[in-house]
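The values are calculated or read from the model by the stated rules, or taken from the named source; none is laboratory data. Everything quoted here is computed from the prediction, not taken from an experiment. Cβ placement follows ideal geometry from the backbone for every residue including glycine, while neighbour counts extend to all protein chains displayed.
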Amino acid sequence: MTKQNTKMFGLMFWIHLILIITAYLSPILFNWKYILIGVILLISQYLLFNFDIFNKLQFGKEEYLTFYTKYLEYFGFRPNRKKLRIFMWYIMPFIILIIALIWQIIFDKIPLIF
C-alpha cells in the first residue's frame, strides 16, 4: 500500500466513515433530542472554525474539501466542491433531524440505543 493510500484509507478514514454511517443511522438509533444537540454542535463547529475537525486531521485544510469530495474525486468523479460542502454541512444534518422527527414522533418508533 502506498503512503497516499495509507493516508486515504488509514485509521482516520475508518473513524470518519463509522461516524458518518452512525450519523445516517441516527434517526433509528438515537432520540431526536440527542440528534438535535449533535446538529447544533456540528453546525457550530462549521460556523466557528470553518472546517470539519476530522477532515482537517485526515486531509489538512484544503478549500471546500470534504470526506465526500475527497473520495468521489479519488474514484474519478468531479463534484462541485463548494455546493457539495454546503449541502453536507448545512442541509444534510437537518434532513437527518427531520427524518428522526418523522420516524420517532409521527411513526412513534423508539430509538434502538437511546
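Being touching a Lys or Arg at 6+ places or on another chain (Cβ under 9 Å) and not small (Gly, Ala, Ser) is true for just one of 20, 43, 28. Which residue is that? Outline the logic, then answer.
Values: 20 fails: touching a Lys or Arg at 6+ places or on another chain (Cβ under 9 Å); 43 fails: touching a Lys or Arg at 6+ places or on another chain (Cβ under 9 Å).
So the residue among 20, 43, 28 that is touching a Lys or Arg at 6+ places or on another chain (Cβ under 9 Å) and not small (Gly, Ala, Ser) is 28.
Starting from the range 38-50, keep only residues that are on the phi < 0 side of the Ramachandran plot, then list their pairs with residues that are charged (D, E, K, R) and part of a helix (DSSP H, G or I) whose Cβ atoms are within a distance under 9 Å, requiring at least 6 positions of separation or different chains.
49/56
Considering (1) surrounded by fewer than 16 Cβ atoms within 10 Å (Cβ to Cβ); (2) not in a helix (DSSP H, G or I), say which one residue 102 fails and leave the rest.
Checking residue 102 against (1) surrounded by fewer than 16 Cβ atoms within 10 Å (Cβ to Cβ); (2) not in a helix (DSSP H, G or I), the one that fails is (2).
Please tell me if residue 79 is at pLDDT 95 or above and either of a type in the set (D, E, K, R) or buried (at least 16 other Cβ atoms within 10 Å of the Cβ) (or both).
The answer is no for residue 79.
Kindly list, by first and then second residue, each pair from a residue in the range 68-86 that is under 21 Å from residue 12 (Cβ atoms) to a residue that is in a loop (DSSP other than H, G, I, E, B) and among the β-branched types (Val, Ile, Thr), limited to pairs with Cβ atoms under 6 Å and residues at least 6 apart or on different chains.
85/66
Which pairs do you get when a residue that is over 10 Å from residue 29 (Cα atoms) and at pLDDT 95 or above, found in the range 103-114, comes within reach of a residue that is of a type in the set (Val, Ile, Thr) and surrounded by 10 or more Cβ atoms within 10 Å (Cβ to Cβ), reach meaning Cβ atoms under 7 angstrom, with the pair 6+ apart or on two chains?
Between residues of the range 103-114 that are over 10 Å from residue 29 (Cα atoms) and at pLDDT 95 or above and residues that are of a type in the set (Val, Ile, Thr) and surrounded by 10 or more Cβ atoms within 10 Å (Cβ to Cβ), the close pairs are 103/28.
Look at residue 38 and say whether it is of a type outside the set (A, V, I, L, M) and modelled with pLDDT under 95.
no
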